[in-house]
1. What residue, among those in segment A:235-256 that are more than 13 Å from RNA strand B (Cβ to nearest atom) and surrounded by 12 or more Cβ atoms within 10 Å (Cβ to Cβ), is farthest from A:LEU359 (Cα to Cα)?
2. Against the condition in contact with a Lys or Arg (Cβ under 7 Å, 6 or more places away or on another chain) and open to solvent by less than 40 Å² (accessible area, probe 1.4 Å), how does A:ILE591 come out, does it pass?
3. Does segment A:601-613 contain at least one residue that is assigned to a helix (DSSP H, G or I) and within 10 Å of RNA strand B (Cβ to nearest atom)?
4. From the residues in segment A:537-549 that are among the polar types (S, T, N, Q) and without any contact (Cβ under 8 Å) to a residue 60 or more places away in the chain, which one is nearest to RNA strand B (Cβ to nearest atom)?
5. Given the conditions (1) within 8 Å of RNA strand B (Cβ to nearest atom); (2) closer than 19 Å to A:PHE111 by Cα, which single one is not true for A:LYS196?
6. Just to verify a result, which residue in segment A:516-540, among those that are small (Gly, Ala, Ser) and touching a helix residue (DSSP H, G or I) at 6+ places or on another chain (Cβ under 9 Å), is surrounded by the most Cβ atoms within 10 Å (Cβ to Cβ)?
7. Of all residues in segment A:437-486, which are over 30 Å from A:GLU236 (Cα atoms) and in contact with a Gly (Cβ under 8 Å, 6 or more places away or on another chain)?
Amino acid sequence: MNIKLKDGSIREFAPPTTVKDIFFEISPNLGRAAVAGLLNGEVVDLRTAIEDDAELLALTTEDEGGMKAYRHTASHIMAQAVKRLFPKAKLAIGPAIDNGFYYDFDVEKPFTPDDLEKIEKEMKNIVSANYEISRFELPKDEAIKFMQDKGEIYKVELINDLPEGSVISFYEQDDFVDLCAGPHLLKTGSKKFQFKLLSIAGAYWRGSEDNKMLQRIYATCFEKKEELDKYITRLEEAKKRDHRKLGKELEIFALLEQGAGFPFFLPNGMIIKNALIDYWREVHTKAGYVEISTPIILNRELWETSGHWSYYKENMYTTVIDEEDYAVKPMNCPGGMLAYKIKPHSYKELPIKMGELGLVHRHEMSGALHGLMRVRSFTQDDAHIFMLPEQIKDEIKNVIHLIDEVYKTFGFQYHLELSTRPEKSIGSLEDWETSTQALKEALDEEGLDYVINEGDGAFYGPKIDFHLEDCIGRTWQCGTIQLDFQLPERFELEYIGSDGQKHRPIMIHRVAFGSIERFIGILIEHFAGSFPVWLSPVQAKVLTITDRCNEYASEVVESLKAAGIRAEIDDRSEKIGFKIREARNQRVPYIAVIGDMEVENKNLNVRIRGQKDSVSMTIDELARKITLVSETREIF
RNA sequence: GCCAAUGUAGCUCAGUCGGCAGAGCAGCAGUUUCGUAAACUGCAGGUCAGGGGUUCGAUCCCCCUCAUUGGCUCCA
């Protein structure tokens, strides 16, 4: 395990043997440093133990394991506070999570925001009291009885599920005892906890909607006040960038109650959407794709062939017309399969890359809808690639390159995940093996890092997912490359090989944006509304200082428009400061101001977004600059 | 779908312990002609999400519906 030392350097660390044994016994799941553990039968602060070791200087809580112990101890403190205030509350689980922790409770009445304040206050009392935290173990039957006596039915269920003979540990602070694998800090006030209760939410017991819904309290927790503040500032920053807020302000899209989950795209939004589509076509044409368009509505027979009618029906919009069942497409694939089948294909044609910007509709659960990120109708930038088995690796590489090129255009960082065969799957083990191997080799040969998610693939084939990282560190799964063993079978796709025999092609689905609507949502947040020039709904705005300049200003706008630039005039009789404020709020990248001086000199005073000082230039200079920045899709 | 909260003017939000509904911004009409992030005056704008109930009277209390928001993956 690696330890971060006081001087910031990282070094390998073998825990002292006496600590090591217990250390891993206490926190088998962490596998990394904890802040507290057992040493010679006693709970100790491991950091002290480590500091005592001549070779080791410090184990910082920047180490994830350490932070986990903090957060988990904080969750116990919260549980204790809740038990004090609501003695009837039953405890479920309370793990540490990214940036904080939560605890699930079964309470008669759901918590209110007022309760949160009270709980937080009580937690602070517990921290101030600085209770010792001690650990004890019980055999399974006694552990069950212990929790039964306390009426903690959820804990009893948890213990029941633990394997026979396993060590069942409890942590106790003051009069509060909780079943827990640890690790924890030594005292409830070992360090002043920097926490803040964030929200109340319903959550099913063990995540299953068949179970009772419990009340979950989410909280954030850090070691240092500055870290907590930083995290809260980040949440606020994310809120400012929220695409739902900016989408409304910048008139990009609208969500109306007449169509929950069906976004309306407004003129500004359509400029962005069309610019993305133009770009998409440019990139795909260059990469040898052809484009098709398949119908939105198709009959039941097709969806039975594809399997959607039996497996996906509850998410599809269906209707009966002339006594025949129809469904609105939730995916483009079945139509794409039919398009391939329209004529016989020779091996010489493969690979065939058929792209489709397909509008799909899915009946998502009402509670899952979220702005443009989770909608019920969206455009997938889909493509199906039909190929020979020996073409898999190269084609995967081509797709990886293409998606990489697309993401770089927006300045996105991303990471890759490879998902392998799940337990329930179709296709022969041999097919899975060769195709998973092809995906791996493609990634390895490109020298790419990736995470492997064993058993996380689709039932019909392995896949590579692209997870975008936006500028405030959140990740979004967008691109995906999926092999599919199912549809070519179901649709009996064929090609004629060099042997004159019929063979089944290998097929992949892939998307780069994923959903154009969602991608726009991500772009809004990534750029905080300040889109690159090529996507900006208004690229240049011409502002007049007095009415005397209106005529010249109109000429300027006309010549910018003639150069293919999206330009607008603001010749209202308002003060220049006011007009500039509005143009800036609209995130217009080039603001040209025209007063008597500019009319006389036949030039412009231009403010470029993100630059402090304005510059003088001619109309031609501005037009050339915008055209260049737009064509190169520069980001600024 | 489930739990909870929310829904008042185009936007952001006050308000009514049940008695004719408010502000700022935006809009419109004037005035102002101004040099880099908010000029001034006036006008207009609402079946208080929709439906039902209780009441002399409901935007407010109760019920239903719709929509929105935070969650429903993190396993003692």
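The values are calculated or read from the model by the stated rules, or taken from the named source; none is laboratory data. The structure displayed is predicted, hence computed values, not measured ones. So basically every Cβ, Gly included, is an ideal-geometry build from the backbone, and we count neighbours across all protein chains shown. For the accessible areas, the whole protein counts, side chains as well, though only heavy atoms, and no ligand, DNA or RNA atoms are used. Shrake-Rupley method; radii C 1.70, N 1.55, O 1.52, S 1.80 Å.
1. Keep residues of segment A:235-256 that are more than 13 Å from RNA strand B (Cβ to nearest atom), which gives A:236-237, A:252.
Imposing the further condition that a residue be surrounded by 12 or more Cβ atoms within 10 Å (Cβ to Cβ) reduces the set to A:237, A:252.
Working: A:GLU237: 32, A:ILE252: 19 Å.
Checking each candidate, the answer is A:GLU237.
2. Details: in contact with a Lys or Arg (Cβ under 7 Å, 6 or more places away or on another chain): yes; open to solvent by less than 40 Å² (accessible area, probe 1.4 Å): yes.
When the stated conditions are applied, A:ILE591 passes them.
3. First, pick out the residues of segment A:601-613 that are assigned to a helix (DSSP H, G or I): A:601.
Next, from what is left, pick out any that are within 10 Å of RNA strand B (Cβ to nearest atom): A:601.
There is at least one residue in segment A:601-613 that is assigned to a helix (DSSP H, G or I) and within 10 Å of RNA strand B (Cβ to nearest atom).
4. First pass over segment A:537-549, keeping only residues among the polar types (S, T, N, Q): A:539, A:544, A:546.
Adding the requirement that they be without any contact (Cβ under 8 Å) to a residue 60 or more places away in the chain leaves A:544, A:546.
Numbers: A:THR544: 8, A:THR546: 3 Å.
Among those that are among the polar types (S, T, N, Q) and without any contact (Cβ under 8 Å) to a residue 60 or more places away in the chain, it is A:THR546.
5. Checking A:LYS196 against (1) within 8 Å of RNA strand B (Cβ to nearest atom); (2) closer than 19 Å to A:PHE111 by Cα, the one that fails is (1).
6. Taking segment A:516-540 as the starting set, the residues that turn out to be small (Gly, Ala, Ser) are A:521, A:528-530, A:536, A:540.
From what's left, touching a helix residue (DSSP H, G or I) at 6+ places or on another chain (Cβ under 9 Å): A:521, A:528-529, A:536, A:540.
Details: A:GLY521: 26, A:ALA528: 16, A:GLY529: 21, A:SER536: 25, A:ALA540: 28.
Among residues in segment A:516-540 that are small (Gly, Ala, Ser) and touching a helix residue (DSSP H, G or I) at 6+ places or on another chain (Cβ under 9 Å), the one surrounded by the most Cβ atoms within 10 Å (Cβ to Cβ) is A:ALA540.
7. A:TYR460, A:GLY461, A:LYS463, A:THR480, A:GLN482, A:LEU483, A:ASP484, A:PHE485, A:GLN486
Rundown of residues vs (1) without any contact (Cβ under 8 Å) to a residue 60 or more places away in the chain; (2) part of a loop (DSSP other than H, G, I, E, B); (3) of a type in the set (Ser, Thr, Tyr); (4) touching a strand residue (DSSP E or B) at 6+ places or on another chain (Cβ under 8 Å), yes/no style:
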residue	(1), (2), (3), (4)
A:HIS509	no, no, no, yes
A:GLU551	yes, no, no, no
A:GLU574	yes, yes, no, no
A:VAL593	yes, no, no, yes
